[in-house]
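In what follows, a structure is listed as structure tokens, so that the remarks can point back to it.
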Amino acid sequence: MKLDFAQIESKWKKIWEDTKLYQVHEDTSRPKYYVLDMFPYPSGAGLHVGHPLGYVGSDIYSRYKRMKGFNVLHPMGYDAFGLPAEQYALDTGVHPAKSTSDNILRYRSQLDNIGLSFDWNRQVRTDDAAYYKWTQWIFLQLFNHYYDRTDDKIYPITALIEIFESDGSAGVNAAASSHEPFSGDQWHAMNTTEQSAYLMNYRLAFRKVGYVNWCEGLGTVLANDEVKDGLSERGGFPVIQKEMLQWSLRITAYADRLLHGMDTLEWSESMKTVQRNWIGRSEGAFIYFPFVDQQDISIKVFTTRPDTIYGATFIVLAPDHDLVPVLTSVEKLMEVNDFSERVKNKPTDQKTSSQKKPDGVWLGTYARHPLTDDQIQIWIADYVLKDYGTGAIMAVPGDDSRDRAFANEYDLSIKEIIDRSQVSNAEIGDRQGMMINSSFLDGLHVTAAISSMLDYIEKNNLGIRNVEYKLRDANFSRQRYWGEPFPVYYDDQGIAHAMEEDTLPLELPDLDDFKPSPDGRSPLARLKEWMQPYPGNTRETDTMPGYAGSSWYFLRYMDPSNDVAFASKEKIDYWKDVDLYVGGVEHAVGHLMYSRFWHKFLYDLGKVPTQEPFRKLVNQGMIQGVIESLYLYKEKEEGKAHFISADLVEERKIPKEQLTSIPVHIDFVSDYGHPESHLNEHGIASFLKWRPEYSDAFFETSAGMKKAKEFQNATITTLSEIGKMSKRYHNVVNPDDVIARYGADCFRMYEMFLGPIEQSKPWDTMGIEGVNKFLKKLWSLFFNDQEEWIVNKNVPHDDSQKALHATIRKINEDVERFSFNTAVSQFMICVNELRKSDEHSIDILNPLVRTIAPFAPFISEELWQLLGHNESVHIAPFPEYDEKWLVTTSIDYPVCINGKKRGEINLPVGSTNAEIEKAAMALPEINKWIDGKPIRKVVIVPDKMINIVI
RNA sequence: GCCAGAGUGGCGGAAUUGGUAGACGCACUGGAUUCAAAAUCCAGCGUUCGCAAGGAUGUGCGGGUUCGACUCCCGCCUCUGGUACCA
């Protein structure tokens, strides 16, 4: 029989589907294991070879665990809602619902081609009303609860109302937006609008006016993690700060638990660090600096360095700090207003540049230093941010580089309070050295001074200890069409009300014109009847952001068609949490943070049994492509384009600023991906046909300058770089094409063989031949050149047994530690060994097929059937290795002199040190090296080596 | 700037606890087979000296610990990713 992978693949794809091989059911008799992939957003471009890297890795692990006797949940679905889907729909003019469904069909067929063992019965898609009903339900729970910091628990808002009615706000220690305290009596005196405004300060899903990232190009607001360098992550449009009324989620309530929860997780250190930095916990204190002109007003600053307070020589506030109007002197009013105006109009990206010159203005007034009673100036400056800490700082130019730069710029006094002379390399702000000029702190080390000053401040009522987080509440409104509608409505007072749970889902109405409007009004606002369901009531017309549906989808897989709960308690208690989560690093602070937050909230609600959703996380790297491009001079000569060969650029050392590179379709390039890649005559002709605007261009090569038409007998070398696979660079490799040529098993194994799964690496078109050869060799253990079945029942050779069992052991170890590249290497070694001893024994091939099954599901399934089995290899037990074949009777000891190998001896296992030494000394080549010199030492490492030191 | 990770042949990458560096594959070179090609098989393949046997040297750079260092410690360089006035 000939190896015909196309036939094998279509045969088994059908059988697996017909027999529902990968369907799982809750089964308490077996241990559960939950392997999850980050579900894809079904884009119009389809999958490229980079996407399946993680899917193949998790599939190998799932299959392996299944064969090891685990009940494995391995589902897949689609992140169908959100900005990307809508943006694609806008580009193509097709309704998002249709384009999304079409794309999903395409994704499904691509995924099936790879032979992934998903239980498609459990598929979810976030744009399905039966799914987003529960997204809306979770939102309502967030809306209807608040977070009590004393108990670290959530309580219903109704409980909060009771407290307010009896005691007012004083005794409440909750995660809340700041507001004026009120008494029970004051609460009763308020009207409903005022009361609901106060309650809004406590809800975990709440509406507030605040600065948001407004993206004009997308016509919507974005979350912090969707903005990169002042541009929108999707589309690259500029983002500005704009004040708008928006829904937010109070993720800050969970900041501390999100931080400490990570200690229990098996995530990479770098991933944990990224999340820790994003949460950004700092311990410090609030300190009050009284205003000299009005003693009842004081400025509350936040500092992590209370020890440096004696060095505080001025106060700086954010330009938009609430107290600025009060603190500004009459003479300075104009100047201060001008400054505030100027700062406000600066675009975001410039505002965050650290190289910039300090910029600020004195308010013309003074604060009193709480310890020295000195009068110090009050300034505003753009380096102080309103939304961190209190929006005000005590400036310590003696030990803070920003304050120092500012003091230098405006000639403010600098007081040294730390002596760093005893510490080498100590720099400003790095918490080293001894306190000086600081009264009772003098002589203390910085660390001791911090705690000493904290005690002093609290004892004397000058301030209070405090912990600050960089983490901001998450913006939850999008002025777009393609998302979950909010299950809320506003009454004629504008008060937000939750819809009744039994009226969910609130379905997204059909809309033909879903373009965003530049004024910030949502497309849904155009549907008058939908927007006003009853007289006096209006619906929220914003929709939820992309991360809403993806923050809990992994729970839905446990019970995907339940319509009375997001999943039944019974099923959640069985599957519990995700044991292994595989996905890209790009979700480090977005999806992974929000999911953990929602999961903790659901835990507090008593709906899930674990505090953390994802126990182990593996981040697969990206598969990159080669970008081929031509160099083009930026300044055109006589209006004509002037291309220049890459080798000439190198030779003449032409600076990159003068050049721009034009991506070229890889089909035109010879030696694609190699340093000598080039366009020949033919390639240039194809290029000009493709980009006719360059038909009059000049091409400069080592053979001189020529017009395109005159081009013969010379080639123009191209620039070859590693980069993203993208349509833009014409370097996308489609897995379907690779599979059509080499088969799915080859594709899978090659993706794994490329390198460690966590690493990014370029797709190498040539390398796949090695894996292809391997699979042919594997096949040749079963069939000879005449395509005859040659498996026999002979007693296997010892060498074969050894190779097989070493392989089983290694595959166990490698799969457990996700080292799939070395696992594939081991299969190659094993098959080479079996071929060397011409091994065709069924006793070897039977376990070998099972060992390789997780990696090459199609070929192994076919061979397993040919070996006479009726049941699928994928539910057969993974073979155990037999130690017997791995124990060696003798060991080769390298004999080293001063660490260099000079000879080798072979001794039986268990030889004594004396025997080893004796045998080593007996070697003539060793004696030659020792040459009568005295031996200083002999080191014998058991079972490893012997080293003679002379 | 700060934080994290990484630097090994022409290339992708192995080396599990400090113990024969370069597994496995690609590319390349030579040979076998073939009318020829493809395919397949065999051999070689860090650098350097040598006809060879054999030696020297070698895991970004400079030091250190050790009988022995890709691995541990100190100092530096480069690259990749994250982050950016967070007090």
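The values are calculated or read from the model by the stated rules, or taken from the named source; none is laboratory data. Note that the structure is predicted; figures quoted are calculated from it, not measured. Methodologically, a virtual Cβ is constructed for each residue, glycine included, from the backbone with ideal geometry; neighbour enumeration extends over all protein chains shown. Heavy atoms of the whole protein, side chains included, go into the accessibility calculation; ligands, DNA and RNA do not. Shrake-Rupley method; radii C 1.70, N 1.55, O 1.52, S 1.80 Å.
Figures for the structure shown
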| read-out | value |
| --- | --- |
| Segment A:63-185: translational diffusion in µm²/s, Stokes-Einstein, Kirkwood Rh over Cα pairs, 37 °C, 0.692 mPa s | 171 µm²/s |
| Sequence of A:I950, A:I380 from largest to smallest accessible area, 1.4 Å probe | A:I950, A:I380 |
| Computed over segment A:704-824: relative contact order in percent, which uses C-alpha pairs under 8 Å that are six or more apart | 25 percent |
| Using alpha-carbon coordinates, inclination of helix A:591-604 to the longest axis of chain A, degrees | 70 degrees |
| FRET efficiency for A:A405 and A:K836, using Cβ-Cβ distance with R0 set to 51 Å, rounded to 0.05 | 0.10 |
| Cα-based convex hull volume of segment A:372-477 per residue, rounded to whole Å³ | 156 Å³ |
| Using alpha-carbon coordinates, inclination of helix A:744-753 to the longest axis of chain A, degrees | 70 degrees |
| Stretch gain in nm, segment A:D892-A:R817, where the contour uses 0.36 nm per residue and the Cα spacing is subtracted | 24.1 nm |
| Estimated FRET transfer efficiency when R0 is 30 angstrom, pair A:Q23-A:N734 (beta carbons, to 0.05) | 0.55 |
| Rg over Rh, two decimals, segment A:26-133 (C-alpha only, Kirkwood Rh) | 1.03 |
| Candidate lysines - alpha carbon under 21 Å from A:K2, same-chain residues fewer than 8 apart omitted | A:K11, A:K13, A:K14, A:K773, A:K776, A:K777 |
| Calculated log₁₀ intensity ratio I(q)/I(0) where the Debye formula runs over C-alpha points of segment A:849-944, q = 0.17, 0.20, 0.21 Å⁻¹ | -0.75, -0.94, -1.01 |
| Per-peptide average of other Cβ atoms within 10 Å, ordering A:890-899, A:579-588 highest first | A:579-588, A:890-899 |
| Fully extended contour minus Cα-Cα distance, from A:N537 to A:I722, at 0.36 nm per residue | 61.0 nm |
| Ordering of A:478-484, A:15-21, A:860-866 by packing [mean C-beta count within 10 Å, highest first] | A:478-484, A:860-866, A:15-21 |
| Estimated distance in nm for a label pair at A:E341 and A:H188, the labels positioned 7 Å out from Cα along Cα-to-Cβ | 5.0 nm |
| Zone residues, segment A:436-477, relative to A:D152, backbone N less than 16 Å from point 7 Å out along Cα-to-Cβ | A:467 |
| Coordinate range along principal axes, alpha carbons of chain A, Å, largest first | 99, 85, 78 |
| Nearest 10 degrees, 0 to 90: helix A:333-344 Cα axis against chain A principal axis | 20 degrees |
| Percent of Cα-Cα distances greater than 16 Å, calculated over segment A:96-160 | 66 percent |
| Stretchable slack from A:I464 to A:V949, in nm (0.36 nm times residue separation minus alpha-carbon distance) | 168.1 nm |
| q = 0.12, 0.13 Å⁻¹: log10 I(q)/I(0) that the Debye formula gives for segment A:500-620, counting C-alpha atoms only | -0.63, -0.72 |
| Distance between modelled label sites at A:S760 and A:A525, nm, 7 Å Cα→Cβ extension | 3.9 nm |
| Inverse mean reciprocal Cα-Cα distance (Kirkwood Rh) of segment A:272-334, Å | 14.3 Å |
| Square roots of 5 times each gyration tensor eigenvalue, C-alpha, segment A:671-830, largest first, Å | 46, 19, 14 |
| Rg/Rh (Cα only; Kirkwood hydrodynamic radius) as it applies to segment A:239-385 | 1.04 |
| Where A:D502, A:D882 fall by accessible area, highest first, once all protein chains stay in place (1.4 Å) | A:D502, A:D882 |
| Computed [θ] at 222 nm, deg cm²/dmol, chain A (DSSP H ≥ 4; -39,500 (n - 2.57); rounded to nearest 500) | -10000 deg cm²/dmol |
| Largest-first ordering by accessible area, 1.4 Å probe, given options A:L630, A:L867 | A:L867, A:L630 |
| Where labels lie 7 Å past Cα in the beta-carbon direction, separation of A:E427 and A:K773 in nm | 5.2 nm |
| Debye equation applied to the C-alpha atoms of segment A:166-228, log10 I(q)/I(0) at 0.16, 0.26 Å⁻¹ | -0.66, -1.17 |
